[in-house]
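The values are calculated or read from the model by the stated rules, or taken from the named source; none is laboratory data. Source: prediction; values computed, not measured. Here the Cβ positions follow ideal geometry from the backbone for every residue, glycine too, while neighbour counts run over all protein chains shown. Just so you know, the surface numbers come from the protein's heavy atoms only, side chains and all, with ligands and any DNA or RNA stripped out. Shrake-Rupley method; radii C 1.70, N 1.55, O 1.52, S 1.80 Å.
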Amino acid sequence: MKKKILNVGVISCSDMAQSHMLAVKNHEQACLAAVCDVDEEKLREAGDKMGVEARYTDYRELLRHPGLDAVIIVTPDQLHREMVEESLNAGLHVLCEKPLALLREDLNAIVAASRASDKKLMVGQICRFTPGFAKAKELIDAGELGDIYYVESEYAHDYQDILSENGWRSDPSRNGVVGGGCHAVDLLRWVAGDPIEVTAYANHKMLPIVPYDDCTIAILRFENDVIGKVFVSTGCKRAYTMRSSFYGTKGTVVCDNTSPSITFYKSQEENPAELEEREIEVDIANHNTFGEFRAFADAILNDKPIPTDALQGAKTIAACMAIVDSANERRTIAPDYNFG
């Protein structure tokens, strides 16, 4: 029997979008059918590089491309709601880059649209596909760390060279916690569940060009008496990293998204005070679009649940919004996870 081939369109020709394009081209049951960008020069360069003839400057025209099955949306965050809704209405499966949206009303609308559609909607919480983090989650799920009691993650990314005064990253509704820190928040949600309470502090000393705080630290409380911490800095002077640690009653994992190994500490059953320290080699795939697209395609081709569906994406941003509000209002906040 002939295998089903997914015809996929990508909206945007940015570097990240081209990484998604390569992931599509790498999949044995997918075809990169069309690309889109408002910048005609970027569109031409990406189309030539990827060998794609169907090129559009208006995403609505791409949505009408004959035989299209799915789209990948890699546009500025502020555009996600409109593009997701129109893509679902066009009868297409959707992979939308994180964050799902910046405003609660937009999150509500996207979740409602997803529930009303028979198509798959996946949010690009790509850290779940980073080999180091995936290996840590595998160890945790296998009980190798025992009962988890403390989790932490950081998003340290200097925005200095990628900001402009009127650029989409400078939008006051974006905030570094929502726009980039959602990686760290989603990672902790993946491991420990939804935080039920957050207390945060923030300051603004590194990036005067943006209207929001550029350094935030949040303390989170989860169910089962688990506590956690998220650190977000979009102006830090250091190499980009998402260093994360997970502590359990039997062991600890320390990992990040840019190293070729993770560190696993485990106490010995016969002598709990004695620790085994082991380096576990992993592939370096900081933004593993290949693994992410495989999960998306598998869900479509085999009618499986999406691992990061609209509600999961919305819950991550709800936790991020609670962190921002807590820092601004100087009080502890319980995130609101009710959507749609």
Next on the checklist: Which residue is farthest from PRO307 (Cα to Cα), if the candidates are limited to the stretch 120-142 and must be open to solvent by 30 Å² or more (accessible area, probe 1.4 Å) and over 20 Å from the mean Cα position of the chain (by Cα)?
Outcome noted: ALA142
Next on the checklist: When you scan the stretch 210-223, do you find a residue that is within 20 Å of ALA184 (Cβ to Cβ), in a loop (DSSP other than H, G, I, E, B) and open to solvent by 30 Å² or more (accessible area, probe 1.4 Å), even just one?
Outcome noted: yes
Checklist entry - From the list SER267, SER259, which residue is open to solvent by less than 40 Å² (accessible area, probe 1.4 Å), in contact (Cβ under 8 Å) with a residue 60 or more places away in the chain, touching a Gly at 6+ places or on another chain (Cβ under 7 Å) and small (Gly, Ala, Ser)? => result SER259
Checklist entry - Condition test on VAL38, is it surrounded by 20 or more Cβ atoms within 10 Å (Cβ to Cβ), of a type in the set (Val, Ile, Thr) and more than 17 Å from the chain's Cα centre (by Cα)? => result no
Checklist outcome for this item: Over the stretch 224-243, the set of residues over 16 Å from ALA322 (Cβ atoms), among the basic types (Lys, Arg) and surrounded by 14 or more Cβ atoms within 10 Å (Cβ to Cβ) is ARG243
Checklist entry - Among all residue pairs at least 6 apart or on different chains, which show Cβ distances below 9 Å where the first residue, located in the stretch 158-177, is at negative phi and the second is part of a helix (DSSP H, G or I) and among the polar types (S, T, N, Q)? => result LEU163/SER170; SER164/SER170; TRP168/GLN78; ASP171/GLN78; SER173/GLN78; ARG174/GLN78
Next on the checklist: Being part of a helix (DSSP H, G or I), open to solvent by 10 Å² or more (accessible area, probe 1.4 Å) and either at pLDDT below 95 or aliphatic (A, V, I, L, M) (or both) is true for just one of LEU62, LEU79, LEU102, LEU32. Which residue is that?
Outcome noted: LEU79
Next on the checklist: So the check is Cβ under 6 Å with 6+ separation or different chains; which pairs have a first residue in the stretch 16-43 that's among the charged types (D, E, K, R) and a second one that's at pLDDT 95 or above?
Outcome noted: LYS25/LEU32; ASP37/SER12; ASP37/CYS13; ASP37/LEU43; LYS42/CYS13
Item to check | Output for the stretch 271-290, where each listed residue is open to solvent by 20 Å² or more (accessible area, probe 1.4 Å) and within 18 Å of the chain's Cα centre (by Cα) | outcome: ILE284, ALA285, ASN286, HIS287, ASN288, PHE290
Next on the checklist: Looking for something assigned to a strand (DSSP E or B) and over 30 Å from ASP161 (Cβ atoms) - is there at least one such residue anywhere in the stretch 230-243?
Outcome noted: no
Next on the checklist: Being among the aliphatic types (A, V, I, L, M), assigned to a strand (DSSP E or B) and touching a strand residue (DSSP E or B) at 6+ places or on another chain (Cβ under 8 Å): is that true of VAL198 here?
Outcome noted: yes
Item to check | Neighbours by Cβ (under 7 Å, 6+ apart or cross-chain): first from the stretch 297-311, more than 14 Å from LYS119 (Cβ to Cβ); second open to solvent by less than 30 Å² (accessible area, probe 1.4 Å) and not charged (D, E, K, R) | outcome: PRO307/ALA295; THR308/MET122; THR308/VAL123; THR308/GLN125; LEU311/VAL111; LEU311/PHE339
Checklist outcome for this item: Screening LEU68, LEU88 for residues that are assigned to a loop (DSSP other than H, G, I, E, B) and either of a type in the set (Asp, Glu) or under 25 Å from the mean Cα position of the chain (by Cα) (or both) leaves only LEU68
Checklist entry - Which of the residues spanning the stretch 151-176 are part of a helix (DSSP H, G or I), closer than 12 Å to PRO211 by Cβ and either of a type in the set (Lys, Arg) or open to solvent by 40 Å² or more (accessible area, probe 1.4 Å) (or both)? => result ARG169
